[in-house]
1. Roughly what % of DSSP beta bridges within the chain run antiparallel, to the nearest 5?
2. Given a 1.4 Å probe and every protein chain left where it sits, what share in percent of the accessible area of the chain is carbon and sulfur?
3. Could you derive backbone 3J(HN,Hα) for segment 390-400 from the dihedral phi with the Karplus parameters 6.51, -1.76 and 1.60 (θ = phi - 60°), listing whole Hz in sequence and x where the residue is Gly or Pro?
4. Please label the shape of segment 108-237 as rounded, prolate or oblate, based on the square roots a ≥ b ≥ c of the eigenvalues of the alpha-carbon gyration tensor (a/c under 1.5 means rounded; beyond that, a/b larger than b/c means prolate, else oblate).
5. Check which residues have an amide H placed less than 5 Å from residue 172's amide H, if you skip close sequence neighbours.
6. If I take R0 = 60 Å and measure r between the Cβ atoms of residue 358 and residue 159 in this structure, what FRET efficiency does the formula 1/(1 + (r/R0)^6) give, to the nearest 0.05?
7. Could you give the nm distance between label points at residue 295 and residue 191, where each point is 7 Å from its Cα heading toward the beta carbon?
8. Please work out the Cα center distance from segment 418-448 to segment 301-329, rounded to the nearest Å.
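The values are calculated or read from the model by the stated rules, or taken from the named source; none is laboratory data. Small disclaimer: the values here were computed from a predicted structure and weren't measured. Methodologically, a virtual Cβ is constructed for each residue, glycine included, from the backbone with ideal geometry; neighbour enumeration extends over all protein chains shown. Side chains are part of the model used for accessible areas, which takes the heavy atoms of the whole protein and leaves out ligands, DNA and RNA. Shrake-Rupley method; radii C 1.70, N 1.55, O 1.52, S 1.80 Å.
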Amino acid sequence: MKRFIARLLFLSIISTLPLSAARGQRQTNTETLIRNATVITVTRGTLENTDVLLRNGKIAAVGKNLNASANARVIDATGKFVMPGIIDCHSHSMLDTINESTLAVTSMVRTQDVLNPTDVDLYRELAGGVTTLNLLHGSANPIGGLNTVVKIKYGRPASEFLFPGAMPGIKFALGENVKRSSAPNIPGVTRRYPNTRMGVEEVIRDAFTRARDYKRAWDEYRAAAGKDKNLIPPRRDLQLEPLVEILEGKRYVHAHCYIASEILMLINLADEFGFKVKTFQHVLEGYKVAKEIAAHGAGASIFADSWGYKIEAYDAIPYNAAILTRAGVVVSMNSDSDERARRLNIEAAKAMHWGDMTEEQALKMITLNPAIQLGIQDRVGSIEVGKDADIAIWNGHPFSVYSRVDTTFVDGTVFFDRQEDLARRPELAKERARLEQAEPNKPAAPGQSPQPSRRRRPTHEMEEKP
């Protein structure tokens with residue numbers, strides 16, 4: 001019932017949203033001038049009493065005493081902070097399905113096919129200054145489904161969320177989830193292969209052996225097709241085509257992992273087949289093999305202090321981010337949670353306590369570094385002229401637990417405005433009350449069975465328990 005009410009409330013919300021976020025409409029003005037803010041550029045230091053000009057979805061100028069056109073929206077940001085939109089390199093928000101767990105290799109499935117633009121968590125993440133998400137398949141498979149990089153354009157069609165030009169990727173996973181340690185042992189029921197870490201390695205090696213042979217067959221066909229028009233092409237294999245893209249450097253690998261031995265295993269396997277792991281996700285024991293990760297050229301997308309929830313997570317330490325960074329690894333803080341995504345600013349700030357990281361290093365963990373890990377650093381991740389106007393205005397320093405977001409822009413359009421949100425709340429409270437009194441939503445009468453709960457489990461729980 002709660003889920004049903006939430007869906008109806010979404011329809012009510014977008015009916016009252018400002019033109020900047022409702023029904024796919026854009027602002028009438030194409031320019032916004034933010035005046036007199038403290039601008040956290042990430043790459044060029046922090047600038048006091050500085051203006052930022054947004055024009056046609058881009059950052060047009062950064063400096064003092066900037067001028068804008070007569071119809072520009074002007075925001076007085078005196079005493080406020082402007083920073084790039086936060087990028088979450090490991091998210092499952094807006095996915096109606098996370099795991100296709102029936103096979104060990106599911107590289108033929110796409111998260112793009114199950115996007116739910118009405119997920120209210122997206123709005124909450126905008127309220128936390130988040131603008132970009134890497135939507136990953138779950139961790140039920142050694143080789144999982146294809147990822148989707150999106151900009152949070154809440155209230156728009158799903159097609160408008162897709163980040164244009166983002167490097168395609170795929171989810172790999174290692175460890176307990178893949179060998180299904182939490183799956184029940186039911187007499188007479190055969191558990192899916194693999195059941196051990198040895199089997200996980202074999203599954204990945206077998207898949208790339210088949211992909212290499214598949215690539216060779218197509219290369220030979222293309223080389224000979226120009227001479228012989230009667231040649232029959234090889235049979236297309238949608239499971240192997242993404243793996244060929246990995247071998248050709250056209251698709252990133254984002255690998256869920258925990259313990260040091262399996263991290264080294266995947267590095268060695270990648271070296272064997274000549275591809276790179278772009279990011280190790282979670283990588284709780286990354287500090288043990290930080291030099292090896294750096295030498296491979298992989299990034300690390302980690303938790304600040306989430307561990308101990310299963311055996312392979314017991315050796316995590318809060319200094320992981322600092323040790324990896326000092327070894328030369330590009331590190332980001334991710335959420336893997338619809339709730340944690342709203343406070344990634346605080347997750348990054350913890351690195352300044354655990355490891356004495358600088359403010360700039362900590363800021364990069366939620367802005368430029370995840371952009372690098374997704375291959376979109378030329379578009380987002382810092383406040384620079386020419387980059388996308390994905391920014392957030394905070395009423396205080398983003399690393400303070402007392403600070404909140406006042407306004408979030410995506411491509412120069414306002415998708416969250418705190419004042420407008422507060423103004424809508426009384427009307428939404430009335431709408432909620434009306435919906436709760438509707439016949440399908442009334443509580444069950446005494447003696448009647450209540451309707452089953454449709455509350456969605458936390459995202460992290462869904463990923464960890466395939």
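1. Working: 33 of 61 bridges.
For the chain, the DSSP antiparallel bridge percentage is about 55.
2. Values: 10670 of 20530 Å².
Reported share for carbon and sulfur atoms: 52 percent.
3. Residue by residue, segment 390-400 yields 9, 9, 9, 9, 9, 7, x, 4, x, 8, 8 Hz.
4. Numbers: a/c = 2.82, a/b = 1.20, b/c = 2.36.
Oblate shape, in that a/c is at least 1.5 and b/c is the bigger or equal ratio.
5. Excluding prolines and chain starts, which carry no amide H, the hits are 144, 254, 255, 256.
6. Working: r = 40 Å, r/R0 = 0.66.
Taking R0 as 60 Å, the efficiency between residue 358 and residue 159 is 0.90.
7. Label-label distance for residue 295 and residue 191, simple model: 3.4 nm.
8. 42 Å
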